[in-house]
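The values are calculated or read from the model by the stated rules, or taken from the named source; none is laboratory data. Quick caveat: nothing in here was measured; it's all calculated off a predicted structure. Here the Cβ positions follow ideal geometry from the backbone for every residue, glycine too, while neighbour counts run over all protein chains shown.
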Amino acid sequence: MLSLTRLRASFAAVCLALCAPAGPLFAQSAAEPAAPPSTLLVAVDQRPAQSLDGDWHIMADPYLAGLYSFHNAFNSNGYFKDEQPQPGSKVLVEYDFSKSPTIKVPGDWNTQKEWLRLYEGGLWYERHFGFQPVANHRVFLHIGAANYRARAYINGHFLCEHEGGFTPFDCDATAALKPGDNSVVLFVDDTRSADGVPTLKTDWYNYGGLTRDVSLVSLPNSFIDDFDLHLDRATRTMIEGYVHVEGAAAGTPVTVALPELGLRAAGTTDAAGRVAISMQAKKLSLWSPENPKLYRVEMVSGEDRLTDSMGFRTIEVQGSEILLNGRPVALHGVSVHAEAPYRTGRAVTDEDIATLTGWVKELGCNYMRLAHYPHDQRMTRAADRLGILVWSEVPVYWAEEFDNPAVFAKSQQQLHEEIRRDRDKASVILWSIANETPDTAARTDFLTRSAAYVREQDPTRLVTAALLVHGDLTTKFIDDPLGKALDVIGFNEYIGWYEGTPASADSVTWKVSYNKPLIVSEFGAGAKAGLHGSPDQRWTEEYEANVYRHQFAMLNKIPQLRGSTPWVLMDFRSPVRQLPGIQDGFNRKGLLSDQGQKKEAFSVLQQAYKTNALDHAE
Ligand code: GCB
């Protein structure tokens, strides 16, 4: 048996190897050196990179033993004074990554090991990789997403930490890397918290882990770390924006070219590393769902070259119309969760994305709501290629702590990371700042500031949110004061499911306080695929289809309605849906089951979009 002293020494060693140096959870202790400066790289999927995807060793750490300093916890009596582990010490350790099980990255942990199915907590990931440094280059560890908090270490050196489960981050790994074999350790913790974004309770599964690609990106010391190139709304022939070069001295040359159109712009960076770009592009073929034309865009600064694939279009609001390239557009859509078809778990593979977008196209959609958090970049890339307009959202969901400044800062950070990642995608037209939030002064203040922040970050797109409605089955009101801060008003309603019967929709009148475009961001009903019965029998496919039919008739009477995204494309796992034999842990409002079986409502929606049953814009 281990003596207490040896056991404690072993804990210390665990901490030495993993924490290097130890510190309290996610807060930098005085002992922990400041993380090297990081950036937020853009278009990383377009850069040559060393992929770190694949098998990683894992260790669950529900007590966070590898994070907390054991000494700090017990040093009140000085007991460990003489047992401080020295770097490189080989004292007994109680972990061994090389003998630990492995899971795939990218991927959630819950669906890869039965023993992790319901696990929420901390988990260590580790793998080795070969590396050869290149002179005058900086190397970044890029993490596509880690749900929910993460800390990164290379060769025992702490690199960076991040909070937020659906957006990318980069850690500068240059100083920690060595030629030859290297080890990378990532600690990921998906413990829910009241002051998280999202907060404690959501209607989706809290899939933990490294759910997106991990890679090493090696860049010249001075490199393009951000850009925004978009079509000017007024002329629709000028491509405008900027390129930012990190580490550039003022006066560093930058060029941007669209070879297919013979366009080239050149400039030099200002003191902040920015170059303003504008190019007259008269022969541009505008991006739209009917013509998802993408151009190769080449950006060069010194030794750095970044090539992206981009479409150009304008999006704006005029009265109650949404104008795409200056023309009114009707948004035929569906809401989509990032749930993997056929196997459950986070949608992470190209096949997952192809299946989900294939169904969206089959429905006849030109639009989708990516609920309730930023999806994998593969999804917005696919939307660009396939011509599917996108509503993109941050997980400010239900009952956030709206009076907590820390929560505002987190939501702002997620908006920043989401916008920076996806502003090169023509498909993304709407930034949604929240879903179904209570009408309180603190909420309205918080989200009004979010809307202003989004406009500051990206004035070229529209700001929206999914609002709650109120009233009874005679009159429903869309008058949430948050509507003032939005360009497009999304509203969710479940007439026929959470209130009334499918036919209740027939007699509802809608009163809307805003002369702005409306999108019904959710409606729907639950149905178990294969369960049949009368159109009035809950959980049958017929009932769900019946709700859809009555909804179209009702929604059609709202003159400002410009789009719809019924809830939801596919059944998805949710811990709050426990009806045995029907839900079994899944929200069953899908048009398809999680196994890809189409329910009757699928063809009802398909038909409605084919016949423009929901349009007023045309
Ligand atoms: C909602 C939420 C969505 C839920 C849905 C439901 O209003 O926005 O996340 O999954 O209702 O099924 O109740």
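Restricted to region 388-414, and to residues there that are aliphatic (A, V, I, L, M) and outside any loop (DSSP other than H, G, I, E, B), the residue that is surrounded by the most Cβ atoms within 10 Å (Cβ to Cβ) is 389. Any residue at all in region 541-561 that is within 16 Å of the ligand (Cβ to nearest atom), buried (at least 23 other Cβ atoms within 10 Å of the Cβ), more than 24 Å from the chain's Cα centre (by Cα) and of a type in the set (Asp, Glu)? Yes, because at least one residue in region 541-561 is within 16 Å of the ligand (Cβ to nearest atom), buried (at least 23 other Cβ atoms within 10 Å of the Cβ), more than 24 Å from the chain's Cα centre (by Cα) and of a type in the set (Asp, Glu). For beta carbons closer than 6 Å, sequence separation of 6+ or different chains, a first residue in region 395-422 that is closer than 13 Å to residue 195 by Cα and a second that is in a helix (DSSP H, G or I) and within 16 Å of the ligand (Cβ to nearest atom), the qualifying pairs are 402/443. Of the set (1) within 16 Å of the ligand (Cβ to nearest atom); (2) farther than 21 Å from residue 563 by Cβ, all apply to residue 453 but (1). Which of the residues that make up region 467-480 are within 15 Å of the ligand (Cβ to nearest atom) and either hydroxyl-bearing (Ser, Thr, Tyr) or farther than 26 Å from residue 545 by Cα (or both)? Selection gives 480 alone.
Residues checked against (1) closer than 16 Å to residue 590 by Cα; (2) in a loop (DSSP other than H, G, I, E, B); (3) within 16 Å of the ligand (Cβ to nearest atom):
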position	(1), (2), (3)
348	no, yes, no
351	no, no, no
354	no, no, no
357	yes, no, no
360	yes, no, no
364	no, yes, no
369	yes, no, yes
373	no, yes, yes
378	no, no, no
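If the condition is being outside any loop (DSSP other than H, G, I, E, B), crowded, with 19+ Cβ neighbours inside 10 Å and touching a Pro at 6+ places or on another chain (Cβ under 6 Å), then region 298-340 contributes 304, 322.
Could you list, in sequence order, the residues of region 481-501 that are over 26 Å from the mean Cα position of the chain (by Cα), within 16 Å of the ligand (Cβ to nearest atom) and not in a strand (DSSP E or B)? Of everything in region 481-501, those that are over 26 Å from the mean Cα position of the chain (by Cα), within 16 Å of the ligand (Cβ to nearest atom) and not in a strand (DSSP E or B) turn out to be 496, 497, 498, 500. Applying the condition of being within 15 Å of residue 203 (Cβ to Cβ) and assigned to a strand (DSSP E or B) to region 582-603 and asking which residue is nearest to the ligand (Cβ to nearest atom) yields 587. Do we find a residue being away from the ligand (no atom under 16 Å from the Cβ) and out of contact with any Leu (no Cβ under 9 Å at 6 or more places or on another chain) anywhere in region 389-399? The answer is no, given that none of the residues of region 389-399 is away from the ligand (no atom under 16 Å from the Cβ) and out of contact with any Leu (no Cβ under 9 Å at 6 or more places or on another chain). For region 88-106, filtered to residues that are part of a loop (DSSP other than H, G, I, E, B) and of a type in the set (Gly, Ala, Ser), the residue that is modelled with the highest pLDDT is 100.
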